[in-house]
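Accompanying notes for the structure given below.
The values are calculated or read from the model by the stated rules, or taken from the named source; none is laboratory data. What you are looking at is a predicted structure, and each value in this text was computed from that prediction instead of being measured. Using ideal geometry, Cβ is built from the backbone for each residue, glycine included, and neighbour counts are taken over all protein chains shown. Please note that ligands, DNA and RNA were not included when accessible areas were found on the heavy atoms of the full protein model with its side chains. Shrake-Rupley method; radii C 1.70, N 1.55, O 1.52, S 1.80 Å.
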Amino acid sequence: MPRHDREEVARRAGHATWREAVEATAHLSQQEAGRALGVSHPTVRTWRTELGLGVSARRSGPQAAAAFREDPTDPRHGSANGYRNLGCRCPACTRAWTDYQRARRTGPG
Ligand SMILES: [Zn+2]
């Protein structure tokens, strides 16, 4: 879609610019944002990708792991998964990991 059409879509939806429209609807799902702006949801995805938005929604990869480690309120802290797969070494995750290893050692063998 040509840029001037994007700007027109944004203005029709009540936003000053295309970028502002995409950022203002970034908290919505692609479908919801598409309805709000009057475009299809694949278009929303494309626009968000161009602005670098929506990347944080991914739940795997180095960036997601780093975001997890920097967010002490994430409920995954205190899990063996947090320690082993996400690389967190906070006291809660470390303890969960040592408990997990201890549990594995109990029993035959
Ligand atoms: Zn942790």
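In table form, for the structure just shown:
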read-out	value
0 to 90° range, to nearest 10: angle between helix 3-12 axis and the chain longest Cα axis	90
log10 of Debye I(q)/I(0), alpha-carbon scatterers only, for the chain at 0.11, 0.13 Å⁻¹	-0.53, -0.63
Net dipole in debye of segment 3-57 [+1 Lys, Arg Cβ; -1 Asp, Glu Cβ; about Cα centre; nearest 20]	60
The chain, accessible surface, carbon-and-sulfur percent (1.4 angstrom probe)	50
Per residue solvent-accessible surface (Å²) - the chain, probe of 1.4 Å	69
Which of Thr43, Thr98 is most accessible, then next, and so on - probe 1.4 Å	Thr98, Thr43
For the chain: relative contact order, % (alpha-carbon pairs under 8 angstrom, 6 or more apart)	13
Helix 91-105 vs. the chain, principal-axis angle (Cα, 0 to 90°, nearest 10)	50
